[in-house]
Amino acid sequence: MTSAGDPDGVLWTGPFQDWLGYRVWIAADGSARLSLEIERRHLSQYGLAHGGVTLALLDTVGGVAVHARAGGPARLVTVSLSTSFTRGVEPGPVLAIGRVEYLGRTIAHTHAELRAGSEAGELLALAHGAYRIFRAG
């Protein structure tokens, strides 16, 4: 995970980020943040963001939180992601917030939320994730 030379400290998580269009960074409190403008290309036939978009955002922000807290493991993968969708995600800005709840040597657990527009925005979905950490060496 690199900062891609962005002066705001925005991280680059790979080509999927370019395709989906989100921005991700580490907040001052150590949690991860991810923002995305939900556009027509993200919508289902019902005019709301496809559930896969919501899942991708929550999974990514959880993984970034683990990566940052663990000091940059060589690699990590999602073991499980339990998600509750509380409201449909309409076009417009969303913010995902990810925090590490437990960090072990090989497993980490996270809590992530997706909110409309800002941290104070309406709760759209939340997730609890488990990530397997593969450390270098």
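Considering the conditions (1) of a type in the set (Gly, Ala, Ser); (2) surrounded by 17 or more Cβ atoms within 10 Å (Cβ to Cβ); (3) outside any helix (DSSP H, G or I), Gly63 is excluded by exactly one of them, (3). The combined condition, being out of contact with any Pro (no Cβ under 8 Å at 6 or more places or on another chain), at pLDDT 95 or above, on the phi < 0 side of the Ramachandran plot and part of a helix (DSSP H, G or I), is fulfilled by Ala56. Could you list all residues from the stretch 87-102 that are closer than 14 Å to Gly121 by Cα and among the basic types (Lys, Arg)? The one that is closer than 14 Å to Gly121 by Cα and among the basic types (Lys, Arg): Arg87.
Note on the stretch 123-137: among residues that are touching a strand residue (DSSP E or B) at 6+ places or on another chain (Cβ under 9 Å) and surrounded by fewer than 13 Cβ atoms within 10 Å (Cβ to Cβ), the one that is nearest to Thr83 (Cα to Cα) is Leu123.
For the stretch 2-25, check the following and say yes or no: at least one residue is of a type in the set (Ser, Thr, Tyr), within 23 Å of Ala130 (Cα to Cα), surrounded by fewer than 13 Cβ atoms within 10 Å (Cβ to Cβ) and over 15 Å from the mean Cα position of the chain (by Cα). Yes, the stretch 2-25 has at least one match.
Take Ser44 and tell me if it is closer than 20 Å to Val10 by Cβ, hydroxyl-bearing (Ser, Thr, Tyr) and either in contact with a Pro (Cβ under 7 Å, 6 or more places away or on another chain) or without any contact (Cβ under 8 Å) to a residue 40 or more places away in the chain (or both). Break it down stepwise before answering.
Working: closer than 20 Å to Val10 by Cβ: no; hydroxyl-bearing (Ser, Thr, Tyr): yes; either in contact with a Pro (Cβ under 7 Å, 6 or more places away or on another chain) or without any contact (Cβ under 8 Å) to a residue 40 or more places away in the chain (or both): yes.
Answer is no for this residue.
Listed conditions (1) in contact with a Lys or Arg (Cβ under 9 Å, 6 or more places away or on another chain); (2) in a helix (DSSP H, G or I); (3) at pLDDT below 95 are all met by Phe16, apart from (1).
From the list Gly92, Gly98, Gly88, which residue is at pLDDT 95 or above, more than 15 Å from the chain's Cα centre (by Cα) and surrounded by 14 or more Cβ atoms within 10 Å (Cβ to Cβ)? Break it down into steps so the answer makes sense when it comes.
On the way: Gly92 fails: surrounded by 14 or more Cβ atoms within 10 Å (Cβ to Cβ); Gly98 fails: more than 15 Å from the chain's Cα centre (by Cα).
Only one candidate passes the filter, namely Gly88.
Criterion applied to Gly121, Gly72 was being part of a loop (DSSP other than H, G, I, E, B) and at pLDDT below 95, and the one residue passing it is Gly72. Take the stretch 104-137 and flag every residue that is closer than 16 Å to His67 by Cα, among the hydrophobic types (A, V, I, L, M, F, W, C) and under 17 Å from the mean Cα position of the chain (by Cα). Those that are closer than 16 Å to His67 by Cα, among the hydrophobic types (A, V, I, L, M, F, W, C) and under 17 Å from the mean Cα position of the chain (by Cα): Ala108, Ala112, Ala130, Ile133. For the condition under 16 Å from Thr13 (Cβ atoms), out of contact with any His (no Cβ under 7 Å at 6 or more places or on another chain) and part of a strand (DSSP E or B), Ala112 qualifies. Flag not set for Leu36, criterion: in a helix (DSSP H, G or I) and of a type in the set (A, V, I, L, M, F, W, C).
With respect to the conditions (1) over 21 Å from Leu123 (Cα atoms); (2) surrounded by 14 or more Cβ atoms within 10 Å (Cβ to Cβ); (3) not basic (Lys, Arg), Val77 falls short on a single one, namely (2).
The values are calculated or read from the model by the stated rules, or taken from the named source; none is laboratory data. Note that the structure is a prediction, hence the values are computed from the model and not measured. With ideal geometry, Cβ positions are generated from the backbone for all residues, glycine too; neighbour counts draw on all protein chains shown.
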